[in-house]
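**Student:** First the structure, which I've put down as structure tokens, then a few questions once you've had a look.
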Amino acid sequence: MIVRIEIINGIKTYYVDKNFDDEVMSTKLNTYVDKKDIEDIVNESVDVYTTEGKLLLRFRKNALPEKHVDGFYNNIIKFARTPTSNRGSATGSNSKNVYDNPRIMTNIFGYFDKWSPKQKATFRKLGKKPGVDVRECRFNMDEPDKYKKTLPLIKEIDRMYAKLVPDRYRKQKKKARSTYFKIDNTAFTTITTNVNFRTTIHTDKGDDEDGFGNLVVIEKGDYTGGETCFPQYGLGVNVRNGDMLFMDVHEPHGNLETVKTHPDAERLSIVCYLRKNIWLKTKNKTKKFYENHNKTVRSLRHAK
């Protein structure tokens, strides 16, 4: 709940306290956000701190250039609509078998620290695999021209990260500098896209704990809902087209239901991050190692 509001450097600043303790919050994980737990929805640029002084989020309305937003959408959307079953508990599934999970439109590109099922099958067949469990993602390999056209938006997110959360950015960027397995010259190794996906309440896993999370939404057609919520604090953020949200993704969060008012409405959400295991496995590897590794992965991918 909001306990105090101030204006700092021209930005409205909220201070929030927990509505229930961590034990109660743990019982709500992997369930959908209950609208009754959300007291306030943010619709304007704002900074939010906990009463202990910890930054919970920074939100900026209409912060991203339209040309970058449109360029990203036009080049990623076909790939982003591919159904997958790799999100596990964020879908409400408790199964350890990925094939038992609901198939939703969630995908990754950039680099990842787990092999795909197809790659694992190829490795078993050939009796070998690359020495480092890091891979270039399919979109990069199959659609290099489209991949390049997504970069202006990713770089803009990176620029805003450096400006709005500089202390966390510096720590993450230092790690990114030590590996070639990253997206251009940004602090990110990996991008996750979601289309019309309502996540359950969760905390992010696998990202750099020294960094800070982010969320961008691109919308096509009309819908209501979909707000990104921190139920323990009773707060939601209505992230819409071209808005920029930086948030503590290690606090429990999820989004409310998206209700389409147009049958073809889409809510494409974008999350950029540095995967810790990519950094751990590849830090200080040479450019030659990077190039040879990617060449090997590509050759094994097409092995018969």
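No value in this document is a laboratory result; all are computed from the given coordinates. Since this is a predicted model, take the numbers as computed values, not measurements. Counting neighbours? That spans all protein chains shown, and the Cβs are built from the backbone with ideal geometry, glycine included.
**Student:** Return the distance in nm (one decimal) between the two label points of a simple spin-label model at LYS171 and LYS54, each offset 7 Å from Cα along Cα→Cβ.
**Tutor:** Spacing of the two 7 Å Cα→Cβ label points: 1.2 nm.
**Student:** Right, here's the next one. Output needed for region 161-213: three equivalent-ellipsoid semi-axes, defined as square roots of 5 times the C-alpha gyration tensor eigenvalues, in descending order, whole Å.
**Tutor:** Calculated on Cα positions only, the semi-axes equal 22, 14, 11 Å.
**Student:** Check which residues have an amide H placed less than 5 Å from LEU29's amide H, if you skip close sequence neighbours.
**Tutor:** Amide H neighbours of LEU29: none.
**Student:** Ok, one more. Could you tell me the ratio Rg/Rh of region 144-295? Both radii from Cα atoms, Rh via Kirkwood.
**Tutor:** 1.00
**Student:** If we count other beta carbons within 10 Å of each Cβ, what is the order of LYS114, LYS36, fewest first?
**Tutor:** LYS36, LYS114
**Student:** Over the chain, what is the relative contact order in whole percent, taking alpha-carbon pairs under 8 Å and six or more residues apart?
**Tutor:** Dividing the mean separation by the residue count of the chain yields 25 percent.
**Student:** Next question, about the same structure. How about LYS120: which aspartates and glutamates have a C-alpha closer than 16 Å to its C-alpha, ignoring those fewer than 8 places off in the same chain?
**Tutor:** Filter leaves ASP133, GLU136.
**Student:** Let me ask you something else. Using R₀ = 25 Å, calculate the FRET efficiency as 1/(1 + (r/R₀)^6) where r is the Cβ-Cβ separation of LEU29 and VAL259; round to 0.05.
**Tutor:** With R0 = 25 Å, the Cβ-Cβ based efficiency is 0.55.
**Student:** Then there's this: Can you divide the C-alpha Rg of region 205-304 by 2.2 N^0.38 Å and report the result to two decimal places?
**Tutor:** Relative to the rule-of-thumb radius for its length, region 205-304 sits at 1.49.
**Student:** Once amide H atoms are placed 1.01 Å from N in the peptide plane, what residues at a sequence separation of 5 or more from LYS114, or on another chain, have their amide H within under 5 Å of its amide H?
**Tutor:** ARG135
**Student:** Where both partners of a DSSP beta bridge lie in the chain, what percent of those bridges are antiparallel, to the nearest 5?
**Tutor:** Antiparallel bridges make up about 85 percent of those DSSP assigns within the chain.
**Student:** Percent relative contact order of region 208-304, based on C-alpha pairs within less than 8 angstrom and at least six residues apart?
**Tutor:** 35 percent
**Student:** Taking region 1-85 as the region of interest, what is the percent of Cα-Cα pairs per 10 angstrom bin, listed from the shortest bin to the one with the maximum distance?
**Tutor:** 13, 30, 28, 26, 4
**Student:** Roughly how many Å is it from the Cα centre of region 261-304 to that of region 187-206, as a whole number?
**Tutor:** Cα centroid to Cα centroid, the span is 15 Å.
**Student:** Using +1 at the C-beta of Lys and Arg and -1 at the C-beta of Asp and Glu, which of GLY226, VAL33, GLY211 has the Cα lying farthest in the positive direction of the dipole of the chain?
**Tutor:** Comparing the listed Cα positions along the dipole, GLY211 ranks first.
**Student:** With the crude spin-label approximation of a point 7 Å out along Cα→Cβ, what separation in nm comes out for LYS283 versus ASP22?
**Tutor:** Going from the LYS283 label point to the ASP22 one covers 2.5 nm.
**Student:** For the chain, what is the per residue volume of the convex hull drawn over the alpha-carbon atoms, in cubic angstrom?
**Tutor:** So the per-residue Cα hull volume is 139 Å³.
**Student:** Still on this structure, please answer the following. Could you identify which residue out of CYS272, CYS137, CYS229 has the top mean-square fluctuation in a GNM of the chain using Cα springs shorter than 10 Å?
**Tutor:** CYS137
**Student:** Arrange SER45, SER269 by Cβ neighbour counts within 10 Å, fewest through most, would you?
**Tutor:** Ordered from fewest to most neighbouring Cβ atoms within 10 Å, SER45, SER269 come out as SER45, SER269.
**Student:** Report ³J(HN,Hα) in whole Hz for each residue of region 143-159, in order, from the Karplus equation J = 6.51 cos²θ - 1.76 cosθ + 1.60 where θ = phi - 60°; Gly and Pro get x.
**Tutor:** 10, x, 5, 5, 4, 4, 7, 7, 5, x, 5, 4, 5, 5, 4, 4, 5
**Student:** Among ILE77, ILE8, ILE41, which comes first, then next, by fewest other beta-carbon atoms within 10 Å?
**Tutor:** In order of increasing Cβ crowding within 10 Å: ILE8, ILE41, ILE77.
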